[in-house]
Amino acid sequence: MTDCIFCRIARGEIPAEVVYEDDELIAFRDLNPQAPVHVLVIPRRHIATINDIEPGDAELAGRLYLAARKVAEAEGVAERGYRTVMNCNSEAGQSVYHIHMHILAGRAMQWPPG
Ligand code: AMP
């Protein structure tokens, strides 16, 4: 997807504060942070929503969590705690249609989420 904003970040065409990257994933700070730590982990490959994840993407989906773990450790919040969120489609509040895992930390979280 040439005009997808997160594809463009993955290609380095739009600046982002990258905190982790490997051959398949990239993690960068959210532009509008909702917590002291707010990082997004995305696959480099365009997948629009969770509904578009295929069985063959199972390893990639698991790697999102392994990256989240690394980011949480690097940010020093692994022991205090952090929340991972993936919004799917409009009613959940998805605004960028390239899957991304939010990592939120650095403050006490409420439950249930709004
Ligand atoms: P969602 O609403 O779950 O789709 O989350 C999209 C997130 O992407 C929001 O938290 C936005 O603040 C964030 N976002 C949008 N554009 C950028 C960008 N260029 N760099 C970093 N974060 C962004």
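Every number here is computed from the coordinates shown, using simple stated rules; none is lab data. Note that the coordinates shown come from a computational prediction; the quantities given were computed from them, not determined experimentally. Cβ atoms come from the backbone with ideal geometry, glycine included; neighbour counts cover every protein chain shown.
What do you reckon, is Ile99 within 12 Å of the ligand (Cβ to nearest atom) and touching a Pro at 6+ places or on another chain (Cβ under 7 Å)? Steps first, answer last, please.
Values: within 12 Å of the ligand (Cβ to nearest atom): yes; touching a Pro at 6+ places or on another chain (Cβ under 7 Å): yes.
Here the answer is yes, as Ile99 does meet what is asked.
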**Complete:** Across segment 69-104, the tally of residues that are within 26 Å of His46 (Cα to Cα) and not in a helix (DSSP H, G or I) stands at 20
**Message:** Just the residues that are surrounded by 12 or more Cβ atoms within 10 Å (Cβ to Cβ) and acidic (Asp, Glu), please, taken from segment 1-57.
**Reply:** Glu21, Asp22, Glu24, Asp30, Asp52, Asp57
**Prompt:** Taking the condition free of Cβ contacts under 8 Å to residues at least 12 places away in the same chain, closer than 21 Å to Ile26 by Cβ and surrounded by fewer than 11 Cβ atoms within 10 Å (Cβ to Cβ), does Ser95 pass?
**Reply:** yes
